[in-house]
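Each reported figure results from applying straightforward, stated rules to the coordinates on display, with no laboratory input. Treat the numbers as computed from the prediction; the structure is a model and nothing was measured. Neighbour counts run over all protein chains shown; Cβ positions are idealised from the backbone, glycine included.
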Amino acid sequence: MQEENIVTGITALTKGRYKIEIDGQFRFVLYRGEIHTYQIKEGEQISGEALEEISSEVLPKRAKLRSMNLLMGREYTEHQIREKLRQGLYPEEAIDEAVDYLKSYRYIDDRRYVKDYIVYYSESRSRGRIEQDLFRRGIAKELIHTVYEEDLCEEELPDEIPLMEKWLEKKKYKKESADYQEKQKMKAFLYRKGFSLENIEKLL
């Protein structure tokens, strides 16, 4: 049975934005002017042509503009952009098109993001902590490891030992006088900070 495309709900959100429900299902969010342009009225039918234009032109274009506005403030990963657009209730098709557009112009580039993030934070954070932060930003572990192994040379990354020594100094840990219990406690602390067991053993 063919859908009738009946507008069954128009719910106000914020700043002139409205959730549009068609045939009992949420479809998209439109602005007041767009509702007027396409003559969308609750209880009435919306044409297939209007639906197609909204889905293939209006929403993807707006998703691209929204993404570009976000990127004017700071850099985002692909995952973060997708989540921002989902929060704006954009359909997945519009999100995919916006992301493809951003990637085609390298406005988003997860590999570049990972490299820049590692170089920026490697002076103050352990590799393990950096990997955890990137993973929470939606970056695959495989990509993180690839960047470490292929895109970064040793000269770009500081030795972890001096950073660990700063933590020991902050914790007032004295290697010469520390007993077994204190040593194990410090090992656990450094491990939670994301430092490798190899470097922890080397230092302690």
query = Which one of Ile54, Ile35, His79 has its Cα pushed farthest toward the positive end of the charge dipole of the chain, where Lys and Arg give +1 and Asp and Glu give -1 at the Cβ?
reply = His79
inquiry  = Along the Cα→Cβ direction, 7 angstrom out, place labels at Tyr107 and Tyr191. What is the inter-label distance in nm?
reply    = 4.5
message = With 10 angstrom as the radius, rank Ile54, Ile35 by how many other C-beta atoms surround their C-beta, starting from the fewest.
response = Ile35, Ile54
inquiry  = Could you compute how fast region 145-204 diffuses translationally, taking Rh as the Kirkwood radius over C-alpha pairs and applying Stokes-Einstein at 37 °C with viscosity 0.692 mPa s? Give it in µm² per second.
reply    = 258
note = Computed curve, region 110-156, Cα-only Debye sum without solvent term, log₁₀ I(q)/I(0) at 0.16, 0.24, 0.28, 0.31 Å⁻¹, is -0.35, -0.82, -1.14, -1.39
remark   = Length-normalised contact order of the chain, Cα under 8 Å, at least 6 apart, in percent, tallies to 14
remark   = Given unit charges at Cβ for Lys, Arg (+) and Asp, Glu (-), the dipole magnitude of region 16-65 about its Cα centre in debye, nearest 20, is 380
key: Order of Lys193, Lys41 under a 10 Å beta carbon neighbour criterion, fewest first   = Lys41, Lys193
inquiry  = I need the phi-derived Karplus couplings for region 49-56: 6.51 cos²θ - 1.76 cosθ + 1.60, θ = phi - 60°, integer Hz, Gly and Pro marked x.
reply    = 5, 5, 4, 5, 5, 5, 6, 9
query = Could you state the per residue volume, in Å³, of the convex hull enclosing the Cα atoms of region 40-91?
reply = 85
request  = Calculate how large, on average over all directions, the projected area of the Cα convex hull of region 88-204 is; give the answer in nm² to one decimal.
outcome  = 9.8
inquiry  = Apply the Karplus curve 6.51 cos²θ - 1.76 cosθ + 1.60, θ = phi - 60°, to the phi angles in region 30-35 and return the couplings in whole Hz, x for Gly and Pro.
reply    = 10, 8, 4, x, 5, 4
request  = Report ³J(HN,Hα) in whole Hz for each residue of region 10-22, in order, from the Karplus equation J = 6.51 cos²θ - 1.76 cosθ + 1.60 where θ = phi - 60°; Gly and Pro get x.
outcome  = 10, 10, 5, 10, 9, 6, x, 9, 9, 7, 10, 10, 10
request  = Average the reciprocal distances over every distinct pair of alpha-carbons in region 11-73, invert the result, and give the Kirkwood radius in Å.
outcome  = 12.7
remark   = Between the Cα axis of helix 180-192 and the main Cα principal axis of the chain, the angle (0 to 90°, nearest 10) is 30
Nearest-20 debye value, the chain charge dipole, Cβ charges on Lys, Arg, Asp, Glu = 1380
ask   = Which value, in debye to the nearest 20, describes the size of the charge dipole of region 110-156 about its Cα centre when Lys and Arg Cβ atoms bear +1, Asp and Glu Cβ atoms bear -1, and nothing else is charged?
value = 360
ask   = In Å, what Rg and Dmax follow from the Cα atoms of region 15-135?
value = 18.4, 61
note = Square roots of five times the C-alpha gyration tensor eigenvalues of region 1-46, ordered largest first and given in whole Å, equal 19, 11, 7
ask   = What ratio of Cα Rg to 2.2 N^0.38 Å holds for the chain?
value = 1.54
note = Per-residue ellipticity at 222 nm attributable to helices in the chain (runs of n ≥ 4 DSSP H, -39500 (n - 2.57) apiece, nearest 500 deg cm²/dmol) works out to -15500 deg cm²/dmol
